1. Specify the residue that is farthest from SER91 (Cα to Cα); the eligible residues are those in the range 15-29 that are free of Cβ contacts under 8 Å to residues at least 12 places away in the same chain and out of contact with any Phe, Trp or Tyr (no Cβ under 9 Å at 6 or more places or on another chain).
2. Among the residues of the range 89-103, write down those that are farther than 15 Å from ILE50 by Cβ and either in contact with a Cys (Cβ under 6 Å, 6 or more places away or on another chain) or at pLDDT 80 or above (or both).
3. Just the residues that are basic (Lys, Arg) and surrounded by fewer than 15 Cβ atoms within 10 Å (Cβ to Cβ), please, taken from the range 66-96.
4. Identify, by number, the condition in (1) in contact (Cβ under 8 Å) with a residue 24 or more places away in the chain; (2) assigned to a loop (DSSP other than H, G, I, E, B) that THR41 doesn't meet.
Amino acid sequence: MKLLSKKGYTILKHDYRGAYAQVDIIAQKNNNIFFVEVKKTTLYNLQKTIAKFNYKQKPRILEELIRVKSLKKSKQNFHLLLIVFAKNLSSPLLLFQDNPKHNEY
């Protein structure tokens with residue numbers, strides 16, 4: 001994804017399918033691994049799109065993120081990044097869930 005590359009991220013994998021969730025992109029920047037979910041919506045539905053993501057997908061993606069981190073026994077920081085492209089919005093929204101732990105969701 002060009003947006004992530006321009007911001008200094010290295011794309012590691014597209015369309016990752018794990019035990020708990022499917023993730024659009026796995027990227028790396030410095031010592032951080034990002035599970036990236038990309039959404040397209042309209043400004044009118046922006047709040048609904050984010051709420052639906054938080055309710056349905058976020059818990060599964062966080063569970064997968066924690067599973068991968070524990071399997072790799074990695075000292076890297078793992079993060080969830082939601083990128084939302086909304087029609088008529090001048091630039092995409094980048095929304096982070098910073099380094100989740102087992103009990104944060």
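1. ARG17
2. Correct list: SER90, SER91.
3. ARG67, LYS72, LYS73, LYS75, LYS87
4. (2)
The values are calculated or read from the model by the stated rules, or taken from the named source; none is laboratory data. Nothing here was measured: the structure is a model prediction, and the numbers come from that model. Cβ coordinates were reconstructed from backbone atoms using ideal geometry, including for glycine residues, and neighbour counts include every protein chain displayed.
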